[in-house]
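The structure appears right after this line, and notes come after that.
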């Protein structure tokens, strides 16, 4: 995955984490880790998070993630969504929409959720 693809995943992660309000400490830890991996600074990250919480247009923009590795992208986003211990209905709806755009079948999407959830147990 290229650095730009990782930035796209980070932006999408900010949207997923922000869909149900400001990211909690667990979601934030995952987002901070993604940001550190791609070298996104604090000010840029804070702006992404703020837009993820307040700007529905940002959500639409970010769901045009490159399809070079859709499954890896979805796994990274599920990690963010599950960081607080569960996936809210809003998060699941957004993730399902993204999965559809990435040509991930509903069956694979559910398998990825189950797989990601089992790592929490």
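The values are calculated or read from the model by the stated rules, or taken from the named source; none is laboratory data. Computed from a predicted model, the values in this text were never measured in an experiment. Glycine gets a Cβ as well: all are built from the backbone with ideal geometry, and neighbour counts include every protein chain shown.
Per-residue answers, yes or no, for (1) crowded, with 19+ Cβ neighbours inside 10 Å; (2) at pLDDT below 80; (3) farther than 15 Å from residue 9 by Cα:
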{"site": "73", "(1), (2), (3)": "yes, no, no"}
{"site": "95", "(1), (2), (3)": "yes, no, no"}
{"site": "100", "(1), (2), (3)": "no, no, yes"}
{"site": "113", "(1), (2), (3)": "yes, no, yes"}
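Taking the listed residues 118, 106, the one that is at pLDDT 85 or above, more than 12 Å from the chain's Cα centre (by Cα) and loosely packed, with under 12 Cβ neighbours inside 10 Å is 106, with no other qualifying.
Looking only at residues that are at pLDDT 85 or above and under 24 Å from residue 86 (Cβ atoms) in the stretch 1-11, which one is surrounded by the fewest Cβ atoms within 10 Å (Cβ to Cβ)? Here the answer is 11. The residues in the stretch 23-37 that are surrounded by 15 or more Cβ atoms within 10 Å (Cβ to Cβ) and touching a helix residue (DSSP H, G or I) at 6+ places or on another chain (Cβ under 7 Å) can be counted, and the count is 6.
Listed by first and then second residue, the pairs with beta-carbon distance under 9 Å, at least 6 apart or on different chains, first residue in the stretch 47-58 and touching a residue at least 24 places away in the same chain (Cβ under 8 Å), second surrounded by 14 or more Cβ atoms within 10 Å (Cβ to Cβ) and not in a helix (DSSP H, G or I), are 48/40; 49/23; 52/19; 52/23; 53/19; 53/23.
When residue 43 is tested against (1) crowded, with 17+ Cβ neighbours inside 10 Å; (2) at pLDDT 90 or above; (3) out of contact with any helix residue (DSSP H, G or I) (no Cβ under 7 Å at 6 or more places or on another chain), only condition (1) is not met.
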